[in-house]
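Quick notes on the structure that follows.
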Amino acid sequence: MSRIRRFFGIILSWIVVMSVYFIPACAAEAENGEVRVFDFAGLFSQEEKEELEEEALRLREELKAEFIVLTVDETRGHTAQEMADEYYFSHGYEKSFDEDGAVVLIDMDNREIYLGTYGIMIRVITDQRLENILDAAYPYAVQENYAGAALTMLQECEDYVHKGIVAGQYNYDRETGRIQMHYTIRWYEALVAAAVSAAIAGFACQGVARSYRMKSGKEKESKLAYQENALLQSASPVDQLMNTAVHHTVIPRQNTSGRSSGSSSSRRSTTHSHSGHRAGGGGRRF
C-alpha cells in the first residue's frame with residue numbers, strides 16, 4: 001500500500017513540475033506566434049513596442065508579407081546582413097508567404113540600420129528605393145529615436161509596395177553576376193496584342209479563302225483541268241557570288257567599371273545568397 005501511495009505521489013509531483021514549466025512555455029510559444037517586434041537591445045519603450053507591433057501585424061495582414069523589427073546589441077562578429085538573414089530564415093518566417101517579407105534591423109554593435117528584403121520584396125525595394133528608405137530613417141537613428149527609425153522604414157516599405165515593381169526591374173546577383181529580369185504585361189498591352197493577333201489571323205484567313213474561292217462552275221472545271229494536266233518542273237538553282245568585299249569595323253567597348261548610373265540603380269536590386277535562399281537589402285552606419 002505504501003508503495004502504491006509513493007508511486008502516485010511521484011506521478012502527482014511529475015504533473016505539478018510539468019505544469020509549472022511546460023504550460024508557460026506553450027503559452028509563450030503561442031504568444032510569440034503573433035510577435036513581430038524583438039527588442040533584444042532594449043531600445044523601445046512599451047508604448048513604442050506596441051505601436052511597432054501593431055504596424056508590423058497590420059502590414060502582414062494587408063500586404064501578405066512578413067515584417068519583422070529586430071534590435072540587437074551584440075552580434076559576435078557577424079554583420080548586420082548576416083544577423084537579419086539568419087533571424088528571418090532560422091525562425092521560419094519565409095514559410096508564411098513564399099519567402100515574401102522584410103526585416104528592419106537596428107544593430108547597436110555595428111551601429112547600423114539595416115533593411116533585409118526577401119521574396120517579392122527584393123524586386124519591390126530596388127537599390128535606389130533602399131537608399132531612399134535609409135535616407136528617411138537615418139536622421140531618427142542619429143538622434144537615438146530608434147522607434148522612429150524602425151517605424152519610418154516600415155512605412156516606406158508599405159509605400160513602395162503600393163507603388164509596385166518599377167518597369168524594367170532586374171535582380172543582380174553580386175556573387176555570380178547573374179541578372180534576372182522581371183517581365184510584366186499590363187492589361188492594355190495584352191489587349192492590344194490580342195487585337196493585333198486577331199487582325200493578322202483574320203487577314204490571313206481571308207486571303208487564303210479568297211485565293212481558293214471558285215466563282216462559277218465553269219471556272220472551277222477550267223482550274224481543275226489545268227491542275228490535272230500541269231507538269232511541275234524544277235531545276236536546282238546555282239548562286240554565284242561575284243565582286244564582293246568585306247569591310248571590318250572596330251566597335252569600341254564601353255567602360256562598365258565604376259558605379260552604375262542612377263537610372264540603373266533605380267531598376268536594379270542587388271541580391272546575395274543565405275543558406276540556399278536569395279536575399280536583398282542593405283544598411284547604413286550611424
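Quick check on packing: order 170-181, 73-84, 145-156 by the mean number of other C-beta atoms within 10 Å, highest mean leading. Working shown, then result.
Numbers: 170-181: 12.2, 73-84: 16.2, 145-156: 21.3.
Answer by packing, highest mean first, reads 145-156, 73-84, 170-181.
Pulled fully out, how much extra length does the chain show between LYS64 and ASP159, if you take 0.36 nm times their separation in residues and subtract their Cα-Cα distance?
On the way: separation 95, 0.36 × 95 = 34.20 nm, distance 1.43 nm.
My answer for the length gained is 32.8 nm.
Subtract the Cα-Cα distance of LEU57 and GLU82 from 0.36 nm times their separation in residues, and report this length gain in nm to one decimal.
Values: separation 25, 0.36 × 25 = 9.00 nm, distance 2.38 nm.
Taking 0.36 nm per residue and subtracting the Cα distance, the gain is 6.6 nm.
Could you run the Karplus curve 6.51 cos²θ - 1.76 cosθ + 1.60 with θ = phi - 60° over region 54-65 and give me ³J(HN,Hα) per residue in whole Hz, x for Gly and Pro?
Residue by residue, region 54-65 yields 5, 5, 5, 5, 5, 5, 4, 6, 7, 9, 6, 8 Hz.
Using a Förster distance of 30 angstrom, determine the FRET efficiency expected from the C-beta separation of ASP98 and ASN132, and round it to 0.05.
Values: r = 26 Å, r/R0 = 0.86.
FRET efficiency, ASP98 to ASN132: 0.70.
Which FRET efficiency value, to the nearest 0.05, is calculated for ALA41 and TYR170 with the Förster distance at 30 angstrom and r the Cβ-Cβ distance? Provide the component values of the computation, followed by the final result.
Working: r = 35 Å, r/R0 = 1.18.
After rounding to 0.05, the efficiency reads 0.25.
With θ set to phi - 60° and the Karplus curve 6.51 cos²θ - 1.76 cosθ + 1.60, what are the ³J(HN,Hα) couplings of region 136-151 in order, to the nearest whole Hz, using x for Gly and Pro?
So the Karplus estimates, Gly and Pro as x, are 6, 8, 4, x, 5, 5, 5, 7, 6, 8, 6, 5, x, 5, 5, 5 Hz.
Using 0.36 nm times the number of residues separating ASP109 and ARG285, minus their current alpha carbon distance, what extension gain do you get? Could the numbers behind the result be given before it?
Working: separation 176, 0.36 × 176 = 63.36 nm, distance 1.06 nm.
Extending this stretch completely gives an extra 62.3 nm.
Each value in this text was obtained by applying a stated rule to the coordinates, not by laboratory testing. Since we're looking at a predicted model, the values are computed, not measured. Cβ sites come from the backbone with ideal geometry, for glycine too, and all protein chains shown count toward neighbours.
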